[in-house]
Amino acid sequence: MGPADSLMLDAKQAILDEQHRKFQVLQKEGRWPEAMQQFHVTLCCASDVLTESLQLLERVLDARSRRGPSQPPSSDPQSS
């Protein structure tokens, strides 16, 4: 996972946090029609964060599988 991946995920998480905060404010104020619209936006942002996380995980796993299985260092003194 590189810095760009981390930055992208952090940005999407920040957007999700802000949309969720807006939903909570509307809900608390009893502005239900607007809150339900905001809820939809919040769910879309959550879906985007989850999708980005899954894609990142798949890229990491793919990169590891191309390198082959990692082998722990041998602690057997006769192997040297």
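The values are calculated or read from the model by the stated rules, or taken from the named source; none is laboratory data. Just so we're clear, the structure is a prediction, and the values are computed from it rather than from any experiment. Cβ placement follows ideal geometry from the backbone for every residue including glycine, while neighbour counts extend to all protein chains displayed. Surface accessibility is based on the protein's heavy atoms, side chains included, excluding ligands, DNA and RNA. Shrake-Rupley method; radii C 1.70, N 1.55, O 1.52, S 1.80 Å.
General remarks:
- Apart from one condition, S75 fits all of (1) open to solvent by less than 70 Å² (accessible area, probe 1.4 Å); (2) at pLDDT below 90; the exception is (1).
- When L61 is tested against (1) hydrophobic (A, V, I, L, M, F, W, C); (2) within 12 Å of the chain's Cα centre (by Cα); (3) modelled with pLDDT under 95, only condition (2) is not met.
- Every pair of residues 6+ apart whose Cβ atoms lie under 6 Å, when the first sits in the stretch 45-63 and is more than 22 Å from K22 (Cα to Cα) and in contact (Cβ under 8 Å) with a residue 12 or more places away in the chain while the second is open to solvent by less than 60 Å² (accessible area, probe 1.4 Å) and outside any helix (DSSP H, G or I): none
- Close Cβ contacts (under 8 Å, 6 or more residues apart or on different chains) running from residues in the stretch 16-33 that are over 18 Å from S47 (Cβ atoms) and free of Cβ contacts under 8 Å to residues at least 60 places away in the same chain to residues that are in a loop (DSSP other than H, G, I, E, B) and open to solvent by less than 80 Å² (accessible area, probe 1.4 Å) are absent.
- Restricting the stretch 1-49 to residues that are surrounded by fewer than 16 Cβ atoms within 10 Å (Cβ to Cβ) and hydroxyl-bearing (S, T, Y), the residue that is farthest from L61 (Cα to Cα) is S47.
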